[in-house]
Amino acid sequence: QEQLVESGGGMVQAGGSLRLSCAASGSIFSDNPMGWYRQAPGKQRELVASISSGGSAHYVDSVKGRFTITRDNVQNTEYLQMNSLKHEDTAVYYCYIDSSGLRYWGQGTQVTVSS
């Protein structure tokens with residue numbers, strides 16, 4: 001069974017940094033687009049960042065210049081480096097990978113930024 005395993009969430013003070021990781025089985029990782037969503041309490045899930053198979057990245061305006069999405073095609077892992085965190089970044093973060101017409105999701109990891 002294909003799966004994505006997330007790690008790296010936690011609690012940090014405003015201005016701090018966290019790096020989220022999302023490890024995937026090789027069969028769904030290679031050459032596929034992937035990214036990160038987040039969902040804050042009482043809000044809809046929001047696409048935060050995405051990266052194509054060629055490495056082209058896109059970000060929601062609110063995180064541009066602070067977050068960086070990368071992929072390691074050897075380790076089958078995608079990352080979300082989050083710097084200069086703000087209280088409004090508090091949410092559960094979900095990674096995803098699109099493969100063969102299906103979208104696979106991670107289990108979610110909580111990020112809490114204290115102001």
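Here residue 24 fits the description: open to solvent by less than 60 Å² (accessible area, probe 1.4 Å) and either closer than 28 Å to residue 100 by Cα or among the acidic types (Asp, Glu) (or both). Within region 71-106, the set of residues being of a type in the set (Val, Ile, Thr), part of a loop (DSSP other than H, G, I, E, B) and surrounded by 14 or more Cβ atoms within 10 Å (Cβ to Cβ) comprises 90 only. Of the residues making up region 59-67, none is open to solvent by less than 50 Å² (accessible area, probe 1.4 Å) and among the acidic types (Asp, Glu).
For region 52-73, the condition of being touching a residue at least 60 places away in the same chain (Cβ under 8 Å), out of contact with any Asp or Glu (no Cβ under 9 Å at 6 or more places or on another chain) and either closer than 15 Å to residue 8 by Cα or not aliphatic (A, V, I, L, M) (or both) holds for none of the residues. Quickly run through region 74-89 and pick out the residues that are at negative phi and in contact (Cβ under 8 Å) with a residue 60 or more places away in the chain. Residues satisfying the conditions are 79, 80, 81, 82, 83, 85, 86, 87.
Of the residues that make up region 28-39, is at least one in a strand (DSSP E or B) and over 22 Å from residue 112 (Cβ atoms)? Yes, that holds for at least one residue.
Just one residue in the set 16, 54, 42 is on the phi > 0 side of the Ramachandran plot, part of a loop (DSSP other than H, G, I, E, B) and surrounded by fewer than 19 Cβ atoms within 10 Å (Cβ to Cβ); that residue is 42.
Among the charged types (D, E, K, R), modelled with pLDDT of 95 or more and in contact with a helix residue (DSSP H, G or I) (Cβ under 8 Å, 6 or more places away or on another chain): is that true of residue 89 in this structure? Judged against the criteria, residue 89 is a match.
The values are calculated or read from the model by the stated rules, or taken from the named source; none is laboratory data. Predicted, not measured: the structure shown is a model, and the values here were computed from it. When we count neighbours, we look across all protein chains shown, and the Cβ atoms used for this are built from the backbone with ideal geometry, even at glycine. Note: accessible area is taken over every heavy atom of the protein model, side chains too, but ligands, DNA and RNA are not part of it. Shrake-Rupley method; radii C 1.70, N 1.55, O 1.52, S 1.80 Å.
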